[in-house]
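Coordinate-derived values only; no laboratory data. Note that this is a predicted model, so its numbers are computed, not measured. A quick note on method: Cβ atoms are made from the backbone with ideal geometry, for glycine too, and the neighbour counts reach across all protein chains shown.
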């Protein structure tokens, strides 16, 4: 009889201990799931940028005429990310001007995902974080997703690759943004506070 009481007592203590530690285990599990999702999203963004830069740099595609098709093809390979409602892609064409360490990097063209034909990108999500390469101040009203970049002596310069590019050398920069939707935002336990990921994930590829 005494042995049975000891067994029941031990089982009760184990149940109480499990009940106390269960919330912590659940929080850790949710945090691990979020970290895995975040790593997956980041890897997808990096791959999207690489593919976009590869497509944009191909002369046969003529970026000025096919920018939305290029961006759309790249975004279509993004699942499980919801790029059409949470993502943005910029393509910026840059050119070196001058020689040696005094050379400048000029912005020739910039496009963002805003496909009026297929109703994709900015017109659906309204999500357009500023490009970190160069922020367009005048998105052309006549053609969706096209920045009216000043040309000639008014061509804007950027710090990216300045003093590195040869005169006339052209590079393409693809930026991918994603508004990551976390399952587990943050948690405070006494003086301990878990970090918050996001909200915007970002990747840049130069080609």
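Any chance you could check the Cα centroid distance between region 120-152 and region 29-51 for me, in angstrom? Spelled out, the Cα-based centre of one part sits 26 Å from the other. Mean projected area of the convex hull spanned by the Cα atoms of region 23-103, taken over all viewing directions: 8.7 nm². Exposure proxy ranking for 30, 44, based on other Cβ atoms within 10 angstrom of each Cβ and starting from the fewest, stands as 30, 44.
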